[in-house]
Amino acid sequence: MTGRKKLKISWGWFYTYFFMILLVIFTALPIVYMTATSLKPLDELFLYPPRYLVRRPTLKNFAELMTTLDSQVVPFTRYLFNSIFTTAATVAGTVAVCCLGAYAVEKVRMPGNKLIFNLVVAGLMFSPPAAQIPIYMAVSKLGMINSYWSLIIPGMAAPMYFFLVKQFAAQIPDSMIESARIDGAGEFRIFASIAMPMLKSVWSTVIVFSFIANWNNSSGSIIYITNQSMKTLPYALSTISDGGIARAGAAAAAAVLTTFPTIIVYLLMQARVLNTMAYAGIKG
Amino acid sequence: MKTAINRRIHAPRLSALSFRMLRYKRWLEGYIMVMPFLLLFAVFVVIPVIWGLVLSVTHYNIVQPMRFAGLSNYAELITNDDLFLTAFRNTVKFAIIAGPVGFMSSFLFAWVINQLKFRNLFSLAFYAPSIVSGTAMSVIWLYLFSSDRYGMVNNLLLRLGFIRDPLLWTMDPQLIMPLIILITLWMSLGTGFLTNLAGLSNVNLELYEAGAIDGIRNKFQELWYITYPQLKPQLLFNAIMSTVASLNVYEIAVSVAGFPSPDYSAHTIVAHMYDYGFIRFELGYASSIAFLLFLMTFLLGRLFMKLFSSKDEI
């Protein structure tokens with residue numbers, strides 16, 4: 001790749017860079033606007049004509065979010081805790097379940113492994129919102145309504161993550177696993193001490209995707225949870241933004257608090273994510 | 001074969017019987033390993049699909065016992081439910097624009113960015129919109145496209161003299177769908193973009209050199225004859241993902257236009273299903289909507305598998 005990445009100075013490349021930078025600015029506009037709004041003092045929020053950027057930045061909106069809204073029935077920090085707890089649990093569970101299963105299907109190759117994988121590929125076309133009613137019935141039959149479990153367990157059954165790990169695991173050389181078997185290691189040992197370290201990129205990717213999906217998921221706490229004190233951040237966000245323009249600053253601050261963790265998690269893992277997605281193809 | 005030979009060298013005294021026992025033990029461990037996923041997959045994916053199909057041929061409202069309905073739900077849906085047809089039209093309108101445009105631009109941008117310097121920086125900038133929460137961003141979009149003079153976009157258009165009165169972005173049935181498509185495109189380059197970018201960086205560079213010798217002259221021929229075939233598996237993955245996402249459009253539509261939307265201009269299939277399932281509690285009817293949607297997704301998925309098949313290639 002190095003040869004192709006040299007900066008070529010010609011008009012064609014100049015226009016390409018120019019165009020791409022414009023696009024980047026365009027795609028960044030809403031995020032910048034969100035950040036700017038969260039830093040605006042009250043009078044700037046009501047300014048006419050409205051201003052895109054902030055003139056006198058203040059952290060008042062964040063303080064208001066934490067204190068004023070704190071006096072309400074359910075404090076903002078409680079939503080924050082709910083989100084962090086359920087997301088962490090879902091991500092940990094997803095990684096464990098998908099890695100174990102995908103390793104077995106790809107490397108242990110017990111009879112039926114092809115069938116399992118084909119089911120998973122078909123499952124890629126499955127969308128949870130469309131099956132919300134029967135999923136709700138399953139969650140309710142399992143007695144998980146109004147408990148944190150309802151926000152954790154259903155999110156763990158994601159065919160996409162299983163698929164990613166399985167595709168990536170194909171590049172672990174069989175000879176390595178064979179020789180460990182000859183040395184008498186059981187499959188669980190091999191999984192923990194050989195496979196997991198080699199699958200680092202892919203499980204990092206699963207962490208990123210599953211973190212983003214669950215952190216941003218608002219439907220779970222709307223559908224399964226009626227107890228206000230167990231709802232999560234995206235739900236809180238929608239109630240704050242219903243407060244109209246007077247709450248615009250607080251809503252933007254909440255949006256910033258919701259958004260930034262996901263960007264940071266992605267930034268930490270970017271290289272590994274790109275490494276994984278190269279193996280995401282389906283040779284259908 | 002090779003493994004069997006290896007085994008004999010290292011452990012010559014293993015009898016055929018204990019050899020088989022070892023294999024059974026390994027398979028058993030494999031089944032134990034895959035069991036948690038299979039269980040979850042069965043309970044939250046396979047059974048819901050089957051259960052949804054069963055529900056779709058009944059009348060069921062939770063309170064009264066279930067009654068068998070045959071295909072009457074489907075018949076009602078297709079022949080008698082005007083609102084479903086509206087939802088269907090809206091969804092198709094959305095999917096036909098947002099799906100292909102998103103799919104192609106995620107490929108195009110990945111292709112361009114892969115050749116630029118600061119590749120990682122560019123990819124972060126393009127991927128960031130997809131990682132931010134839809135709910136969080138809808139707050140921002142609603143301020144940007146607010147229907148009064150305070151809205152950033154209205155204000156800009158007024159000052160530039162394109163319009164005389166503020167546009168009613170989230171209230172005018174004519175403008176709602178384009179706005180939803182715009183926001184979706186902005187938010188959904190996402191996974192597709194990453195898959196393409198990663199796939200592109202793995203294309204064997206020797207292929208380009210060989211291509212140059214074989215008479216490929218410009219970047220676009222290179223794209224068509226070398227890059228595209230190499231990227232087919234990634235494109236298939238993306239096509240399936242964007243089909244699923246665009247046919248299931250709901251969350252953005254509701255957060256932009258509300259529910260019900262003005263004149264049902266943002267009423268989608270999933271919105272229709274939620275209406276019957278979670279507001280009217282006609283679960284049988286709602287399930288028939290869900291199953292039709294699943295069927296559409298599945299058939300389109302199969303079609304793409306044919307279209308981007310790379311089985312017959314090296």
Item checked: Test: residue in the range B:46-58 that is surrounded by 15 or more Cβ atoms within 10 Å (Cβ to Cβ), away from every other protein chain (no Cβ under 13 Å), at pLDDT below 95 and in contact with a helix residue (DSSP H, G or I) (Cβ under 6 Å, 6 or more places away or on another chain) -> no
Next item on the list: Please list, ordered by first then second residue, the pairs with beta carbon atoms under 6 Å, 6 or more apart or interchain, first in the range A:177-196 and within 11 Å of another protein chain (Cβ to nearest Cβ), second exposed (fewer than 15 other Cβ atoms within 10 Å of the Cβ).
Entry: A:178/B:3; A:182/B:10
Next item on the list: Could you pull out the residue among B:176, B:183 that is within 13 Å of chain A (Cβ to nearest Cβ), in contact (Cβ under 8 Å) with a residue 24 or more places away in the chain and under 25 Å from the mean Cα position of the chain (by Cα)?
Entry: B:183
Next item on the list: Please list, ordered by first then second residue, the pairs with beta carbon atoms under 9 Å, 6 or more apart or interchain, first in the range B:292-312 and within 15 Å of residue B:238 (Cβ to Cβ), second basic (Lys, Arg).
Entry: B:308/B:232; B:309/A:283; B:309/B:232; B:310/A:283; B:310/B:232
Notebook entry, point to check: Could you say which residue among B:92, B:139 is hydrophobic (A, V, I, L, M, F, W, C), out of contact with any Gly (no Cβ under 9 Å at 6 or more places or on another chain) and crowded, with 17+ Cβ neighbours inside 10 Å?
Noted result: B:139
Notebook entry, point to check: Can you name the residue in the range B:142-179 that is of a type in the set (Phe, Trp, Tyr) and out of contact with any helix residue (DSSP H, G or I) (no Cβ under 7 Å at 6 or more places or on another chain) and is also surrounded by the fewest Cβ atoms within 10 Å (Cβ to Cβ) among such residues?
Noted result: B:162
Next item on the list: Determine whether the range A:212-235 contains at least one residue that is free of Cβ contacts under 8 Å to residues at least 12 places away in the same chain, touching a helix residue (DSSP H, G or I) at 6+ places or on another chain (Cβ under 8 Å) and buried (at least 20 other Cβ atoms within 10 Å of the Cβ).
Entry: no
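In the range B:258-287, how many are in a helix (DSSP H, G or I) and away from chain A (no Cβ under 11 Å)? Please lay out each step first, then the result.
Our first condition is that a residue be in a helix (DSSP H, G or I); within the range B:258-287, this holds for B:262-264, B:269-279, B:283-287.
Remaining after also requiring away from chain A (no Cβ under 11 Å): B:262-264, B:272, B:275, B:279.
Residues meeting the conditions: 6.
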Next item on the list: Could you tell me which residue of the range A:126-142 is nearest to the other protein chains (Cβ to nearest Cβ), considering only residues that are surrounded by fewer than 22 Cβ atoms within 10 Å (Cβ to Cβ) and not in a helix (DSSP H, G or I)?
Entry: A:127
Next item on the list: Working only within the range A:258-274, note down all residues that are within 14 Å of residue A:205 (Cβ to Cβ), crowded, with 17+ Cβ neighbours inside 10 Å and more than 7 Å from chain B (Cβ to nearest Cβ).
Entry: A:265, A:269, A:272
Next item on the list: Determine which single condition residue A:89 fails, assuming it passes every other condition in (1) under 27 Å from the mean Cα position of the chain (by Cα); (2) outside the structural domain of residue A:236 (by TED's automatic domain parsing).
Entry: (2)
Notebook entry, point to check: How many residues does the range A:87-121 hold that are at the interface with chain B (Cβ under 8 Å from one of its Cβ atoms) and either at pLDDT below 90 or surrounded by fewer than 19 Cβ atoms within 10 Å (Cβ to Cβ) (or both)?
Noted result: 4
Next item on the list: Would you mention how many residues in the range B:29-63 are part of a helix (DSSP H, G or I) and out of contact with any Asp or Glu (no Cβ under 9 Å at 6 or more places or on another chain)?
Entry: 23
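Somewhere in the range B:194-214, is a residue crowded, with 19+ Cβ neighbours inside 10 Å, over 27 Å from the mean Cα position of the chain (by Cα) and hydroxyl-bearing (Ser, Thr, Tyr)?
From the range B:194-214, those crowded, with 19+ Cβ neighbours inside 10 Å are B:194-200; that's our starting set.
If we keep only those that are over 27 Å from the mean Cα position of the chain (by Cα) too, we end up with none.
There is no residue in the range B:194-214 that is crowded, with 19+ Cβ neighbours inside 10 Å, over 27 Å from the mean Cα position of the chain (by Cα) and hydroxyl-bearing (Ser, Thr, Tyr).
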Margin query: Looking at A:207, A:225 in this structure, which one is over 30 Å from residue B:24 (Cβ atoms) and assigned to a loop (DSSP other than H, G, I, E, B)?
Written below: A:225
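If we scan the range A:78-85, do we find a residue that is free of Cβ contacts under 8 Å to residues at least 40 places away in the same chain, surrounded by fewer than 19 Cβ atoms within 10 Å (Cβ to Cβ), farther than 30 Å from residue A:172 by Cβ and assigned by TED's automatic domain parsing to the domain that holds residue A:217?
In the first step, residues of the range A:78-85 are kept if they are free of Cβ contacts under 8 Å to residues at least 40 places away in the same chain; the result is A:81, A:84.
Pick out the ones that are also surrounded by fewer than 19 Cβ atoms within 10 Å (Cβ to Cβ) and you get A:81, A:84.
This time we only want the ones that are farther than 30 Å from residue A:172 by Cβ, so: A:81, A:84.
Then keep just the ones that are assigned by TED's automatic domain parsing to the domain that holds residue A:217; that gives A:81, A:84.
Yes, the conditions are met somewhere in the range A:78-85.
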Next item on the list: Scan the range B:107-166 residue by residue and report those that are in a helix (DSSP H, G or I) and farther than 30 Å from residue A:264 by Cβ.
Entry: B:154, B:155, B:156, B:157, B:158, B:159, B:160
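Being crowded, with 16+ Cβ neighbours inside 10 Å and farther than 23 Å from residue B:201 by Cα is the requirement here; does residue B:133 meet it?
Numbers: crowded, with 16+ Cβ neighbours inside 10 Å: yes; farther than 23 Å from residue B:201 by Cα: yes.
So residue B:133 passes the test.
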Checklist line | For residue A:135: the one exception among (1) under 30 Å from residue B:281 (Cα atoms); (2) free of Cβ contacts under 8 Å to residues at least 12 places away in the same chain | finding: (2)
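Taking residue B:84 as the residue in question, decide whether it is at pLDDT 90 or above, closer than 30 Å to residue A:191 by Cβ and crowded, with 17+ Cβ neighbours inside 10 Å.
On the way: at pLDDT 90 or above: yes; closer than 30 Å to residue A:191 by Cβ: no; crowded, with 17+ Cβ neighbours inside 10 Å: yes.
It is false that residue B:84 is at pLDDT 90 or above, closer than 30 Å to residue A:191 by Cβ and crowded, with 17+ Cβ neighbours inside 10 Å.
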Notebook entry, point to check: Looking only at the range A:138-157, which residues are modelled with pLDDT of 90 or more and hydrophobic (A, V, I, L, M, F, W, C)?
Noted result: A:138, A:139, A:142, A:144, A:145, A:149, A:151, A:152, A:153, A:156
Margin query: For the list (1) within 12 Å of chain B (Cβ to nearest Cβ); (2) within 24 Å of the chain's Cα centre (by Cα); (3) touching a residue at least 12 places away in the same chain (Cβ under 8 Å), I need the number of the one condition that residue A:145 fails.
Written below: (1)
Next item on the list: For the range A:148-157, state whether one or more residues are among the β-branched types (Val, Ile, Thr), within 27 Å of residue A:255 (Cα to Cα) and assigned by TED's automatic domain parsing to the domain that holds residue A:197.
Entry: yes
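The values are calculated or read from the model by the stated rules, or taken from the named source; none is laboratory data. Computed from a prediction, not measured in an experiment: that's the story for all the values here. No Cβ is skipped: glycine too gets one built from the backbone with ideal geometry, and neighbour counts run over all protein chains shown.
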